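Trainee: Attaching a single structure in structure tokens format; questions to follow.
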Amino acid sequence: MKPGCLKKIYLYRRLYPELLDYRLMKQGLAYFLKKATGLPVSVNIMVTYRCNFRCGICSFYGSGGIDNIEMSFKDIIKILDQLDVFKPVIFLGGGEPFVRQDIYEIINEIKKRGMKLIVSSNGFLMEPERLKGLDLDHLILSIYGPDEIHDKITNLAGSCRTVMEKMKYIAGEKIVKRLAVSTVLMPDNSDYLDEFIKGLIDLGIDYVKIENMNFITKKESQNLNVSIGGFNTRPSTLIVENDIEEQILERAWDRLERLKNKYRGKVFLKPDLDKNDFFKWYLGEDRKVSCHFVRHSLFISPRGNVIPCQFFGNSVIGTAVQDGVKYLWNSGKYRDFRRLINRNNFKVCQRCCK
């Protein structure tokens, strides 16, 4: 096994212990023999593309154009009944999942079936009291910096204070088993990470995940081959004018290394790049990557389509309700996509945090 793969497994073990249980060990043999697990280990259900924030860094709003068609509660239950047979870990997100009026009922239905559940949210619309008694395994809240930085990025005044108050309440009442914050490294917040992370750790959260920013440059977007092997491979991601300045990267790297050492086991960079790959990521130099995610997990879009990941929402494998998740996972079409994605080394994949 390559050192990079071992490093990724270690990071996932620390961030998502729900994933690494006996079922994953059973799937491990199939993964190495067939280049994919026999069934998906985790299923990411995007219950909506809608969001109450308008973050400039968002993979969806940053690329323009959002599809507001969503699965009904009835269709979500049909999908959960399929998943109940092999009980993958469920990641619930969007968009912002708490814009849905039935989100608490969806959470309850997942937990009733005995599946591990990780919910990602910006936290603004969430009602912590309604989470009590739902036995939520893991809640990840997106916060991008101190008050003024977060509010500027989300385009909503007071959003940081609101989310921080709810997070403090959840931590104090121990409403969820694991409480974490996810932030994105960007020029706007890199100089504020020290005070920001100290404040989060002092609140008693389990960890802070600093994700490298997913983007492609305008020049890279113009050179895309939209259709390859019968798949629409135009990614849904943030498009920026230029790569980030090297001077900013130097400061950010030094700060990240210091924070990871100071709060060892509490602060993580995702993916956990070395300095060479970190600079390649942001300066646009090619990195050879192999996508492991499409071989062990999948996404279900708000329309109910099975898709390889959130960045390839146009590469539809099939429909979860009509075709069935188990059938699609082992279908020839999914095998074709797995081969395609590793053969082409797409720019969006070179900056993926999976």
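Trainee: Sequence gap at least 6, Cα distance under 8 Å: using those rules, report the relative contact order of the range 233-306 to the nearest whole percent. List each step's numbers first, then the result.
Mentor: Details: 24 pairs, mean separation 20.5, N = 74.
Contact order relative to length: 28 percent.
Trainee: Mind listing the phi-derived Karplus ³J(HN,Hα) values for the range 250-257, rounded to whole Hz, using 6.51, -1.76 and 1.60 with θ = phi - 60°, and x for any glycine or proline?
Mentor: The phi angles translate into 4, 5, 5, 4, 4, 5, 4, 4 Hz.
Trainee: Which of the peptides 218-225, 138-145 is most tightly packed, and how do the rest follow, going by the mean number of other Cβ atoms within 10 Å of each residue?
Mentor: Going from most to least packed, we get 138-145, 218-225.
Trainee: For the chain, count the residues as N, evaluate 2.2 N^0.38 Å, and divide the Cα radius of gyration by that value, please.
Mentor: Working: Rg = 19.4 Å, N = 354, 2.2 N^0.38 = 20.5 Å.
The value comes to 0.95.
Trainee: Let me ask something else. Please work out, to two decimal places, the log10 of the ratio I(q)/I(0) at q = 0.17, 0.18, 0.23, 0.25 Å⁻¹ from a Debye calculation in which every Cα of the range 232-292 carries one identical scatterer.
Mentor: Ignoring solvent entirely, the Cα scatterers give -0.75, -0.82, -1.11, -1.18.
Trainee: Something else: Leaving out ligands and nucleic acids, and using a 1.4 Å probe, what accessible area per residue does the chain come to in Å²?
Mentor: Ligands and nucleic acids excluded, the figure is 45 Å² per residue.
Trainee: Once the mean 1/r over all distinct Cα pairs of the range 203-262 is inverted, what Kirkwood radius in angstroms do you read off? Don't skip to the end; give the middle numbers.
Mentor: Values: mean 1/r = 0.0676 Å⁻¹.
Taking the inverse mean of 1/r over all distinct Cα pairs, the range 203-262 comes out at 14.8 Å.
Trainee: How large is the convex hull of the C-alpha atoms of the range 171-303 per residue, in Å³?
Mentor: Once divided by residue count, the hull of the range 171-303 is 164 Å³.
Trainee: How fast does the range 105-235 diffuse by Stokes-Einstein, in µm²/s, taking the Kirkwood radius from C-alpha pairs at 20 °C and 1.002 mPa s?
Mentor: 128
Trainee: Counting only pairs 8 or more residues apart or on different chains, how many lysine pairs in the range 235-354 have their Cα atoms under 13 Å apart? Numbers along the way, then the final one.
Mentor: Details: Lys260/Lys270; Lys270/Lys354; Lys280/Lys288; Lys280/Lys347; Lys288/Lys347.
Counting lysine pairs in the range 235-354 gives 5.
Trainee: Among Ser297, Val226, Asn342, which residue has its Cα positioned farthest towards the positive end of the charge dipole of the range 223-354, with +1 placed on the Cβ of Lys and Arg, -1 on the Cβ of Asp and Glu, and the dipole taken about the Cα centre?
Mentor: Ser297
Trainee: Among all the lysines, which ones have a C-alpha under 16 Å from Lys174's C-alpha, if same-chain residues fewer than 8 places away are not counted?
Mentor: Lys132, Lys166
Trainee: Work out the length of the dipole vector of the chain about its Cα centre, built from +1 on the beta-carbon of each Lys and Arg and -1 on the beta-carbon of each Asp and Glu, and round it to the nearest 20 debye. Present the calculation step by step, with values, prior to reporting the outcome.
Mentor: Details: 56 positive and 42 negative charges, 329 e Å.
Roughly 1580 debye, rounded to the nearest 20.
Trainee: From the protein chains alone at 1.4 Å, what is the descending order of accessible area for Tyr104, Tyr327, largest first? Intermediate results must be reported in sequence, preceding the final value.
Mentor: Numbers: Tyr104 20, Tyr327 150 Å².
Largest accessible area first, the list is Tyr327, Tyr104.
Trainee: Here is a follow-up. Starting from the Cα coordinates of the range 249-354, work out the convex hull volume and express it per residue in Å³. Working shown, then result.
Mentor: Details: hull volume 12.8 nm³, N = 106.
In the range 249-354, the Cα hull volume divided by residue count equals 121 Å³.
Trainee: Under a 10 Å cutoff between Cα atoms, tell me which one of Asn261, Asn52, Asn44 has the largest fluctuation in the Gaussian network model of the chain.
Mentor: For the chain, modelled as a Gaussian network with Cα springs under 10 Å, the answer is Asn261.
The values are calculated or read from the model by the stated rules, or taken from the named source; none is laboratory data. Just so it is clear, the model here is predicted, and its values are computed rather than measured. When we count neighbours, we look across all protein chains shown, and the Cβ atoms used for this are built from the backbone with ideal geometry, even at glycine. These area figures cover heavy atoms from the full protein model, side chains too; ligands, DNA and RNA do not enter into them. Shrake-Rupley method; radii C 1.70, N 1.55, O 1.52, S 1.80 Å.
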